[in-house]
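All remarks here apply to the structure that follows.
Just so you know, all these numbers are worked out from the coordinates, no wet-lab data involved. What you see is a predicted model; the values in this text were computed from it and never measured. Note: ideal-geometry Cβ built from the backbone for every residue, glycine included; neighbour counts use all protein chains shown.
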Amino acid sequence: MKLTHDGAVALLDDERLVFSVEMEKLGNALRYSTVGDFSLIPGILADFGYKPEDVDEWVIDGWDGDVSGTVALLDQGRPTEVVVGPYRESQACPALDRPSVSGTYPMDGESYPYTSYPHAAGHVASAYVSSPFAQRGESSFVLVWDGGLFPRLYWVDPDAGVENLGELFPLLGHAYAIAGHHFGPFRRDVQSNMVDDLSIAGKLMAYIALGQVDKGALAILREEFHRVFESDEPAAVEYRATVGGYGSLFEQSVPPVHEFYSAVRARVVDNGVSDEDALASVHAFFEGLLVERITAKVRGAKGDGPWNLCFAGGCALNIKWNSALREAPDFSDVWVPPFPNDSGSAIGAAALGRAQHAGMTPMAWNPRLGPALSPSPELPVNWSMAACTPEELARILHESGEPVVVLHGRAELGPRALGGRSILAAPVMASMKDELNRVKDREPYRPIAPICLEGEAPAIFSPGTPDPHMLFDHEVRADWRERIPAVIHLDGTARLQTVGPEDDSLLFTVLSAYHRLSGVPVLCNTSANLNGHGFFPNVASAAQWGRVSRIWSAGTLYQRTDG
């Protein structure tokens, strides 16, 4: 169980992941929702044919703290608190892959025993057990860079367990989002000592395409980073002595980041650097620092590679950093699961519990193990319904030039809509990007992702390698830029999702039929949800939203009849 933000409940039955249900994907809940009440859990289990008494072991993810963390929530509406593991390994719990806290928690009048591991351990476990390296019985480095954590490197050996290799540099992952509080459209005059807007990081990844990397700004970033965080100045020494990456709710790790950006801003503004160029430079600085430091750490720990690498934590949602790591010569392969942020923490907690009995062995899973579509209340009166095959859906996308909400099967794990809770559209008109951003209340500079038949991707994208989870950056080849303008970002790149016949048979059929009709094996794909909420849980929710006039689900096309 992951009780705090990005709350989720996951179940492993032997090595098989049965489900991972994130709270934000139930009933149009807000993004980052917590598990507010333990009494929700029996109902979630029942949806998949399980009862609480069927569960052999309960494991709760850790939270902010250096010895332990505390989570406050409800049970049947009554307040309760649970002591959990700390944010990462520490002197109090030096072994990341061993339980650091145990106790009991209340649920519906009963008491259940649980164990808890450090929060970082869940990221390590979820990334490794879902990886192709675990399937092959190979060891791997695992990099974890989470919001309240300094980037930390681990070595996972399926026989020997987890080895801690230490931090790369003393800066919490929230630093990327905090840049948006000092530069650009989300800049604030008064800064908070807390990180109170988790959506900014994703927006900044899009916004940086409006700027160019400035060499002078890079030099300033390097100098101020060293001064504030790694120098021998008294304030930097004090920072390193008192802040260890144990969670931004536990320690004063945010104010020094504001000091860093304030100093950078004062200097780059004097040099005439725009906010757009400053943010592009911040992104490039962190990317270079990450690759430089992990390369040195890997070589110092294990020697020349190339090696396997897993990347997890909220920072692993940064597709450009993921691609930079994949291109680094020290790594033969880089794995990022579709749930690298805290949406995968419940999976990691369950994997840690299983590891005490079976070791860090592979998990049988697929990315479509979220909640099923809930029964729809009655549709609004201005909607009709008719049978519609996937091939007919492709024809509608081609001939109408309008988007369609597609709600199909169980929801995706993690934050990316991969075809189960998506809005699909033809990519051949540049105006489609503007239309999709309009209906979703998004900023106009935000990109729309392409989905592409896996076999056609290398001819359209560079590198065009199979990437079924939309977590890496690809350039659109020159001869395709005018053919699919709706899915090209301002910098000529795209967050590609490839689709093979084994990934999603429905999507593969729709894409194949659209390819035959249009000569284009690509469609637009963006998540189907209310702004700031999780995916639509049923057809009625999408119809009540009503900003797209067609919805396809389970072989049925629903259409607005009022124009």
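Quick rundown of the values:
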{"item": "Asp157, Asp304 arranged by Cβ crowding within 10 Å, fewest neighbours leading", "result": "Asp304, Asp157"}
{"item": "Under 19 Å from Lys25, Cα to Cα: lysines that are on another chain or at least 8 residues apart", "result": "Lys2, Lys440"}
{"item": "Separation in nanometres of the label points that stand 7 Å from Cα toward Cβ, at Ser199 and Met385", "result": "3.1"}
{"item": "Cβ-based exposure ranking for Lys51, Lys433, in which fewest neighbours within 10 Å come first", "result": "Lys51, Lys433"}
{"item": "Pair Ser376, Val55: separation of 7 Å Cα→Cβ label points (nm)", "result": "3.3"}
{"item": "Centre separation in Å (Cα based) which lies between segment 82-109 and segment 313-385", "result": "23"}
{"item": "Only Lys, Arg (+1) and Asp, Glu (-1) charged, at Cβ; the chain dipole about Cα centre in debye", "result": "1120"}
{"item": "Per-pair calculated FRET efficiency, R0 = 45 Å: Phe186 and Asp14 via Cβ, rounded to 0.05", "result": "0.45"}
{"item": "Contact order normalised by residue count of the chain, Cα under 8 Å, 6+ apart, percent", "result": "17"}
{"item": "Contact order normalised by residue count of segment 358-475, Cα under 8 Å, 6+ apart, percent", "result": "20"}
{"item": "Mean-position separation - Cα centroids, segment 432-501 and segment 519-563, in angstrom", "result": "20"}
{"item": "Antiparallel bridges, percent of DSSP beta bridges restricted to the chain (to nearest 5)", "result": "75"}
{"item": "Principal axis box of the chain, alpha-carbon based, largest edge first, Å", "result": "67, 64, 47"}
{"item": "Cα shape, segment 437-540, gyration tensor, a/c 1.5 rule", "result": "oblate"}
{"item": "Full-extension gain in nm, Asp333 to Leu30, via 0.36 nm per residue minus C-alpha separation", "result": "105.6 nm"}
{"item": "Extension gain from Ala358 to Gln76, taking 0.36 nm per residue of separation minus the Cα-Cα distance", "result": "98.1 nm"}
{"item": "Straight-distance crosslink candidates among lysines, where the alpha carbon sits under 22 Å from Lys320 and sequence neighbours closer than 8 are dropped", "result": "Lys203, Lys215, Lys297, Lys433"}
{"item": "Separation in nanometres of the label points that stand 7 Å from Cα toward Cβ, at Asp108 and Val439", "result": "3.9"}
{"item": "Mean Cβ neighbour count within 10 Å, used as a protection proxy, ranking 309-318, 239-248 highest first", "result": "309-318, 239-248"}
{"item": "Fewest-first sequence of Met23, Met363, Met194 by Cβ atoms within 10 Å of each Cβ", "result": "Met194, Met363, Met23"}
